[in-house]
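What follows is a short report on a single structure.
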Amino acid sequence: MVTDAARLTEHMAWRFGAGSDVGRVRTQNEDSFGVDEPRGLFIVADGMGGHAAGEVASRLAVRCACEGVAMLPSHSSVEEARERLRTAIDDANQVILIEGQAHPERSGMGTTTTALLVSPEGWWLVGHVGDSRAYLVRDGDATRITEDHTYVQELVNQGRISDEEARMHPRSSLLTRALGTSAQVAIDIYEGDLRPGDRFVLASDGLMSMLPEDMIRELLAEPGRSPDALVDCLIEAANEAGGHDNVTAVVVDAYVESEPEDADS
Ligand code: CA
């Protein structure tokens, strides 16, 4: 054991920042975010529905995702984690649907959900429904991971309008998929390798609706900002552009952590 004393193991670790703001126009914040740092789970949910129901829906989505992912054993494979994340989001859909049916004043409530799961084993997963977004910043470039489930995104995919025209479109917020609106919901799952220096950004559409995509990607990729500082910067930028909607951002930075292999020997 003498020669082993200095041996180190390396694994992926992360630091994060998160924040949400009501914006400059609305009186209620229907966005929610959730963080389970030890498990590497980060969620943004953007609720909709009258009488504060949107807030209920987005909170339920965050809670169900956290509870579902908490059932995942540590050192799970990416395959196990993928199915657990999908099941957790599917369960959230059922819970919100039942809650809406049980309380007539909440009927029609729904929410987006974009959930990031990062692993010390070096992989990431994103589970996604709706028009919140996940971005990955790697090697100085910000790329969008998720595709919006909106009417205008379908027009973009058909080549009929540009991204910027979609953003300015009068029906830009019309969702084609959300949790809590039907018994079956298709959940998009994205995955990849987690590398040191990777930065993930989750945001509600209160950011994307206020700022052009190019400007957002530029802000995300600017070096030298801590996760907390980037969250503040994004919320401020959305509000300075008008703050028409609630805005929520979660930023997660991955790095390599070294630990003694046998800490208590
Ligand atoms: Ca919104």
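Computed from the coordinates by the stated procedures, all read-outs in this text should not be read as laboratory data. This one's a predicted model, so the numbers in the text were calculated from it and none came from an experiment. Heads up, the Cβs are rebuilt from the backbone with ideal geometry, glycines too, and the neighbour counts pull from every protein chain shown.
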Practice task
Go through 15-24, 121-130 and give me the packing order, highest mean Cβ count within 10 Å leading.
Solution key: 121-130, 15-24
Problem - Difference of contour (0.36 nm per residue) and Cα-Cα distance, Tyr255 to Glu154 - result: 32.7 nm
Problem - Total charge dipole magnitude, the chain, about the Cα centre, Cβ charges on Lys, Arg, Asp, Glu only, Debye to nearest 20 - result: 780 debye
Handout entry: Hull-based mean projected area of the chain, where the convex hull spans the alpha carbons, in square nanometres
Key = 15.4 nm²
Practice task
Note the direction-averaged projected area, equal to a quarter of the hull surface, for the Cα convex hull of segment 1-99, in nm².
Solution key: 9.0 nm²
Problem - Of Ala115, Ala52, Ala88, the one that fluctuates the most in a GNM where the chain has Cα springs shorter than 10 Å - result: Ala52
Handout entry: Dipole moment magnitude, nearest 20 debye, segment 17-172 about Cα centre, only Lys, Arg, Asp, Glu C-beta charged
Key = 220 debye
Handout entry: Tail beyond 18 Å, pair distance distribution of segment 103-179 (Cα, percent)
Key = 54 percent
Handout entry: Computed magnitude of the charge dipole of segment 152-265 (debye, nearest 20; Cβ of K, R +1, Cβ of D, E -1)
Key = 840 debye
Exercise for the section: Alpha carbons only, please: Rg and Dmax for segment 38-153, in angstrom. Expected result: 15.1, 49
Handout entry: 10 Å-binned pair-distance histogram of segment 118-265 (Cα, whole percent)
Key = 10, 36, 34, 14, 4, 2, 0
Handout entry: Dimensions (Å) - segment 38-92, Cα atoms, principal axes, largest first
Key = 42, 21, 14
